[in-house]
Amino acid sequence: MSSDEGVVGNFVSRRLFFLQDLHVLEFVVAALVFVVINSLRQRRRYGLPVWPFLGMLPSLVSGLRSDLYEWISDILCEQNGTFRFKGPWFSSLNCVVTADPRNLEHLLKSKFSVFPKGPYFRDTARDLLGDGIFNADDETWQRQRKTASIEFHSAKFRQLTTESVLELVHARLLPVLENAVNQSISIDLQDVLLRLTFDNVCMTAFGVDPGCLRLGLPEIPFAKAFEDATEATLLRFVTPTCVWKTMRCLDLGTEKKLKKSIKGVDEFAEEVIRTRKKELSLQTEDKKQRSDLLTVFMRLKDEQGKPFSDKFLRDICLNFILAGRDTSSVALSWFFWLLEKNPVVEQKILAEICKIINERDDMKNGADLKSPLIFRPEEIKKMDYLQASLSEALRLYPSVPVDHKE
């Protein structure tokens with residue numbers, strides 16, 4: 001064979017290989033285009049694109065990085081109030097999402113007992129919440145709710161919450177805000193309100209003051225551990241079960257962070273419970289009785305007539321801290337954000353408050369108020385416009401926008 005024939009042969013061979021590679025590339029591109037078009041076309045039917053193997057997970061990840069409220073509301077509006085979320089293959093991220101009032105009434109009222117939180121929710125949140133009210137069903141839930149409801153309506157508990165809020169607002173919140181104004185420094189209002197509600201709910205649940213809301217806004221180990229544990233637990237609900245359970249076994253990533261955070265939370269709870277038991281054992285009958293949630297449950301007995309275990313007490317208190325901390329602070333954050341966007345509403349609220357103050361007898365007599373301005377219960381009941389504004393803020397931006405049922 002001549003050299004010319006060899007060159008031609010090599011050229012033809014390379015050309016054939018190139019054509020084969022080109023055909024493979026064309027096939028891959030065509031397949032990808034088909035998958036993308038097919039997935040996007042399913043958006044009309046299911047509300048979100050459904051990708052092979054991944055399901056709707058990419059859209060969920062994208063939604064978490066944006067305005068989750070508006071994102072999920074838009075999808076529900078397009079799907080007439082209800083749509084089915086399809087998670088990755090072989091995962092547990094499959095559910096029906098609904099905002100239809102008729103469905104909500106069916107789930108939360110008419111057939112409440114038929115739709116518990118279920119084993120999936122309890123298993124996912126058990127490391128942090130244990131058997132507390134937010135992670136309990138049936139008799140355990142009923143017992144905790146009944147006891148807590150009775151206590152919440154008692155005169156002692158209401159007095160405790162009132163005194164706690166007054167102390168925190170006048171001795172902590174106002175000085176922090178005044179300091180920011182005097183020094184012309186910016187503050188994160190949501191962080192400040194979160195500290196306010198955390199101190200308040202710890203006082204009512206554990207009977208202790210962690211001191212989060214102080215000048216300088218210090219980092220409190222228990223508050224930081226609780227925040228990290230809550231965040232890591234929430235991430236479990238958007239992670240396939242097999243993935244986070246594997247990470248937990250290998251002590252990796254967010255699961256390692258969760259384990260460390262829960263250890264910090266447990267150490268704080270155990271110390272408080274141990275100290276409170278010692279206090280109660282030494283307490284005399286004529287001494288003023290504590291009315292915080294921990295002390296109340298310590299005085300009660302279970303079905304067998306025995307005192308509740310330390311773990312049960314820990315679970316109850318941590319669940320109510322979660323209930324009171326985020327809900328109140330998130331509601332107030334959205335409320336003040338909306339006020340900033342609607343100055344007319346702010347003026348009407350201030351006018352209503354000023355009118356009530358001017359109706360006071362001491363103001364009519366021209367007295368000079370030197371003491372801090374504290375509103376009485378009967379005065380707060382007259383603040384109809386403020387009540388309406390708070391209710392509207394909660395309607396637009398609910399503190400707990402999602403409730404899981406099975």
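Brief remarks follow.
- Conditions (1) under 17 Å from residue 209 (Cα atoms); (2) without any contact (Cβ under 8 Å) to a residue 40 or more places away in the chain; (3) among the polar types (S, T, N, Q); number of the one not met by residue 304: (1)
- Residue count, the stretch 385-406 (criterion: among the charged types (D, E, K, R) and either modelled with pLDDT of 95 or more or on the phi > 0 side of the Ramachandran plot (or both)): 1
- From 196, 168, residue being open to solvent by less than 40 Å² (accessible area, probe 1.4 Å), aliphatic (A, V, I, L, M), touching a residue at least 60 places away in the same chain (Cβ under 8 Å) and assigned to a helix (DSSP H, G or I): 196
- Residue that is most open to solvent (accessible area, probe 1.4 Å) [pool: residues in the stretch 312-339 that are more than 20 Å from residue 291 (Cα to Cα) and more than 17 Å from the chain's Cα centre (by Cα)]: 337
Residues are listed down the side, and each one gets a yes or a no for (1) open to solvent by less than 90 Å² (accessible area, probe 1.4 Å); (2) modelled with pLDDT under 85; (3) not acidic (Asp, Glu):
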residue	(1), (2), (3)
19	yes, yes, yes
38	yes, yes, yes
42	yes, yes, yes
57	yes, yes, yes
63	yes, yes, yes
71	yes, no, yes
74	yes, no, no
114	yes, no, yes
121	yes, no, yes
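- Only residues that are under 20 Å from residue 396 (Cβ atoms) and either surrounded by 16 or more Cβ atoms within 10 Å (Cβ to Cβ) or without any contact (Cβ under 8 Å) to a residue 12 or more places away in the chain (or both) were counted in the stretch 340-360, giving 9.
- Qualifying residues in the stretch 149-165 (those that are of a type in the set (Gly, Ala, Ser) and part of a helix (DSSP H, G or I)) - the one nearest to residue 214 (Cα to Cα): 164
- Residue match in the stretch 369-389 (condition: open to solvent by less than 70 Å² (accessible area, probe 1.4 Å), within 30 Å of residue 135 (Cβ to Cβ) and polar (S, T, N, Q)): no
- Verdict on residue 225 being buried (at least 16 other Cβ atoms within 10 Å of the Cβ), touching a residue at least 12 places away in the same chain (Cβ under 8 Å) and in contact with a Gly (Cβ under 8 Å, 6 or more places away or on another chain): yes
- Screening the stretch 243-271 for residues that are at pLDDT 90 or above and of a type in the set (Val, Ile, Thr) and picking the one that is most open to solvent (accessible area, probe 1.4 Å) gives 246.
- Exactly one residue among 131, 137, 127 is open to solvent by less than 80 Å² (accessible area, probe 1.4 Å) and either in contact with a Pro (Cβ under 6 Å, 6 or more places away or on another chain) or more than 22 Å from residue 223 (Cα to Cα) (or both), and that residue is 137.
- Residue pairs whose Cβ atoms lie under 8 Å apart, separated by 6 or more positions or on different chains, with the first residue in the stretch 140-162 and farther than 21 Å from residue 301 by Cβ and the second in a loop (DSSP other than H, G, I, E, B), are 159/291; 160/291; 160/292.
- Qualifying residue in the stretch 216-230 (condition: within 24 Å of residue 334 (Cβ to Cβ) and not in a helix (DSSP H, G or I)): yes
The values are calculated or read from the model by the stated rules, or taken from the named source; none is laboratory data. As the structure is a computational prediction, the values presented were derived from the model and not from experiment. As a convention, Cβ positions derive from the backbone with ideal geometry for all residues, glycine included, and neighbour counts pool all protein chains shown. For the accessible areas, the whole protein counts, side chains as well, though only heavy atoms, and no ligand, DNA or RNA atoms are used. Shrake-Rupley method; radii C 1.70, N 1.55, O 1.52, S 1.80 Å.
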